[in-house]
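Data first, discussion second: the structure below is written as structure tokens.
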Amino acid sequence: MAIKRCLFPERNTFRGLHFPCAVLILLTCVFTAGLQTARTDEAEPKKTRPEQECFIKPLTFFNEVSWKEAVDISSEYHRALNQFDSTNWSMLRKYQAPGFSGLGSGPLNPPVKNEDAMIMLLGYMHSGNRIGELIEALLDKINQKQKTYYFPSKRYKLFCREQRPAYHALCYMGPNVVHATLRKIGQEQEKENRYYMAKLLFQVLRKKFALLYLEDQQEQVAANDKLTAAQKTEALARYSEAIAAVKEMEDRVRH
């Protein structure tokens, strides 16, 4: 019997294949489930991080928030505008000197890819109509004091030069305000407003050039035949007053 078994071994039965078949079935199920999961993942769109709401709001938004939120928004505007100005200044430097990266070896400035769109943006940002309207609106309120006061220990306070927000903003606008301010001084009836307009010229032009511009404007008024004698006399007196005020201001020495 033993010899028979050695010479003629028994064929494998279903019972002998039970364990390998179970393993094979299990692997098949796992593989199929993996394929289904992969197809499902490919079919579903990938979830992306939700876009953050842009903090830039229209000016009407300042009527809808608290004082703390308004100061925070103002600070965010300020930081964003500083970054915008710095980035644009660097870009304009490269735009003015394509192919030149400065002293020494280094990569050349590449040409602007979308030059037409950039030029249009520069035109929009420096629109004479818009900046003119803004300057006029601020000059009308140049002597308006802050309406909200807080002690220095308070965290959410708003610093303004002379505690006058419009005057502070005009100082930051630089020489853009000169032409409108020179014209406005001769027309402004309020003495305090004229004083701060003269001080504004002093801030953005410094003392020497502020006096030169005021004296030149005074000469133009004197030579203007379209003004009546009364109008001319009044305007000349206002410019003389502004010149006297600037002469009394102390110019900072820059080293």
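Miscellaneous remarks
- When you restrict to C-alpha pairs under 8 Å that are six or more residues apart and normalise by the size of the range 191-254, the relative contact order lands at 50 percent.
- Length added when fully stretched, SER240-GLN163, from 0.36 nm per residue minus Cα-Cα: 25.1 nm
- Apolar share of the accessible surface for the range 191-254: 50 percent from carbon plus sulfur atoms, 1.4 Å probe.
- Per-pair calculated FRET efficiency, R0 = 45 Å: ASP116 and ARG206 via Cβ, rounded to 0.05: 0.75
- Note on exposure: HIS78, HIS168, HIS179 ranked by accessible area (1.4 Å probe, complete protein assembly) read HIS179, HIS78, HIS168, with the most exposed listed first.
- Surface listing: MET91, MET125 arranged by accessible area from highest to lowest gives MET125, MET91, probe 1.4 Å.
- TYR77 - accessible surface, heavy atoms, 1.4 Å probe, Å² rounded to 10: 50
- Nearest-10 value in Å² for the accessible area of VAL204, using the 1.4 Å probe: 30
- Prolate is the label for the range 191-254. Its Cα gyration tensor axes, ordered a ≥ b ≥ c, give a/c of at least 1.5 and a/b above b/c.
- Difference of contour (0.36 nm per residue) and Cα-Cα distance, LYS247 to SER66: 60.9 nm
The values are calculated or read from the model by the stated rules, or taken from the named source; none is laboratory data. In this text, all values refer to a predicted model and were calculated from it rather than measured experimentally. Cβ atoms come from the backbone with ideal geometry, glycine included; neighbour counts cover every protein chain shown. Remember, those area values only see protein heavy atoms, side chains included, never the ligands or the DNA or RNA. Shrake-Rupley method; radii C 1.70, N 1.55, O 1.52, S 1.80 Å.
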